[in-house]
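S.K.: Handing you this structure, nothing more for now.
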Ligand SMILES: [Mg+2]
């Protein structure tokens, strides 16, 4: 894995939570206090400039994959037409004044039950293998890693990839790119709560922004609260080291948070199809760039991403020098 994250973390659980058998709430609190204590120590005796992690954050449906992930296997398996399903979801959500994401998660299993098809967690993970990815997505992570390794003159710059999706954690786990992410934040089911699987975590459009702040503040353990104040200087990944990739209106809150805080946003459109949504986002100042969702080396998307990466690398060098000068004045 060239130029990838070297911490060896994978999946949606941060390393510090992975070996913890405590229930999430207790684990969260315990590790929260430990993190606070160690953070204080790190800030006091920090010998090197440590804001050198670049975070690339992706939406999934329409951004890395052409269609919503449920359309590749779940809906065909229960014999439901995709267009009809989303239409019904929107209709029910409107009529009931329900959250559209909770509605889709509920309807999905209601349809499976009506069809007499049992789909458990393992089945959902298997469905991930059927999900189609845009050209070049598989190679993208290594290509970007090599580019950063080549261009970063400052030692120790690492790239992390994150996913924030309203789709289903279980399906994402089954895709061949799951291991490439430092962390995946997505909606998820409880499989033993009731007769029908019950939404455990629902990531709405605006809810996505919470996870941007989790990445920014380094509070990725979902058992820890994100609302505590943290001065900018203590946040491990400044927004200026982050790029958000999305495909449309559902990404607007995330794009707005990124740009307002000094970060970057790129919108993609299906190759060879309408770019109207992207043009509108661009004109509205929501994004820095847009391009076809072609992730291959040399594509417009690749080149524009690399431009922003170059800017970040320069910015990291400037801030590191500033940090050294400031530190020299103190000693
Ligand atoms: Mg999307």
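Readers should treat all values here as calculations from the given coordinates under stated rules, not as data from a laboratory. Predicted model, so just to flag it, every value in this text is computed and none were measured. Please note: Cβ atoms are built from the backbone with ideal geometry, for glycine as well, and neighbour counts cover all protein chains shown.
S.K.: Could you give the length gained on full extension between residue 149 and residue 322, defined as 0.36 nm per residue of separation minus the Cα-Cα distance, in nm?
M.R.: 60.0 nm
S.K.: Right, something else. So what is the orientation-averaged projected area of segment 136-270, using the convex hull of its C-alpha atoms, in nm²?
M.R.: Values: hull surface 40.3 nm².
Mean shadow area of the hull around the Cα atoms is 10.1 nm².
S.K.: Taking springs between alpha-carbon atoms closer than 10 angstrom, which of 66, 231, 271 fluctuates most in the Gaussian network model of the chain?
M.R.: In this elastic network of the chain, the residue with the biggest mean-square fluctuation among 66, 231, 271 is 231.
S.K.: Output the 0 to 90 degree angle, nearest 10, between the alpha-carbon long axis of helix 82-96 and the longest principal axis computed from the alpha carbons of the chain.
M.R.: 90
S.K.: Considering only C-alpha atoms, what is the centroid distance from segment 208-224 to segment 161-187, in Å?
M.R.: Using only Cα atoms to place each centre, the spacing works out to 15 Å.
S.K.: How high is the FRET efficiency from residue 129 to residue 274, r the C-beta distance, R0 25 Å, rounded to 0.05?
M.R.: 0.30
S.K.: Something else now. With the crude spin-label approximation of a point 7 Å out along Cα→Cβ, what separation in nm comes out for residue 110 versus residue 260?
M.R.: Output for this residue pair reads 3.4 nm.
S.K.: Taking the Cα atoms of the chain, what is the range of coordinates along each of the three principal axes, in descending order and whole Å?
M.R.: Principal extents (largest minus smallest coordinate, Cα): 71, 49, 36 Å.
S.K.: Which FRET efficiency value, to the nearest 0.05, do you get for residue 92 and residue 118 by plugging their Cβ-Cβ distance into 1/(1 + (r/R0)^6) with R0 = 22 Å? Intermediate results must be reported in sequence, preceding the final value.
M.R.: Numbers: r = 23 Å, r/R0 = 1.04.
The value I calculate is 0.45.
S.K.: Looking at the chain as a GNM with Cα springs under 10 Å, which of 167, 62, 298 has the largest mean-square fluctuation?
M.R.: 298
S.K.: Still on this structure: Measure nothing but the geometry: give the 0 to 90° angle between the long axis through the Cα atoms of 100-114 and the longest principal axis through the Cα atoms of the chain, rounded to 10°.
M.R.: With rounding to tens, the tilt is 40 degrees.
S.K.: Separate question: Mean residue ellipticity at 222 nm from the helices of the chain, using -39,500 (n - 2.57) per DSSP H segment of n ≥ 4 over the full residue count, to the nearest 500 deg cm²/dmol?
M.R.: Roughly -13500 deg cm²/dmol at 222 nm, from the helical runs in the chain.
S.K.: Another question, if that's okay. May I have the convex hull volume per residue, in Å³, for the Cα set of segment 195-331?
M.R.: Hull volume over Cα atoms, normalised by residue count, gives 160 Å³.
S.K.: Here is a further query. If you count the DSSP beta bridges with both ends in the chain, what percent of them are antiparallel, to the nearest 5?
M.R.: 10
S.K.: With angles folded into 0 to 90 degrees, how steeply does helix 24-44 sit against the dominant principal axis of the chain? Use alpha carbons for both and round to 10.
M.R.: For helix 24-44, the angle is close to 20 degrees.
S.K.: Also: Expressed as a whole percent, how much of the Cα-Cα distance distribution for segment 86-183 exceeds 18 Å?
M.R.: More than 18 Å apart: 63 percent of the Cα pairs in segment 86-183.
S.K.: Pick from 195, 310, 251 the residue whose mean-square fluctuation is largest in a GNM of the chain, springs joining Cα atoms under 10 Å.
M.R.: Greatest mean-square fluctuation among the candidates belongs to 195.
S.K.: In percent, what relative contact order does segment 211-331 have, based on Cα pairs under 8 Å that are 6 or more apart in sequence?
M.R.: Values: 134 pairs, mean separation 19.3, N = 121.
So the answer I get is 16 percent.
S.K.: With a Förster radius of 30 Å, plug the Cβ-Cβ distance of residue 311 and residue 139 into 1/(1 + (r/R0)^6) and report the FRET value to the nearest 0.05.
M.R.: Result of the calculation: an efficiency of 0.80.
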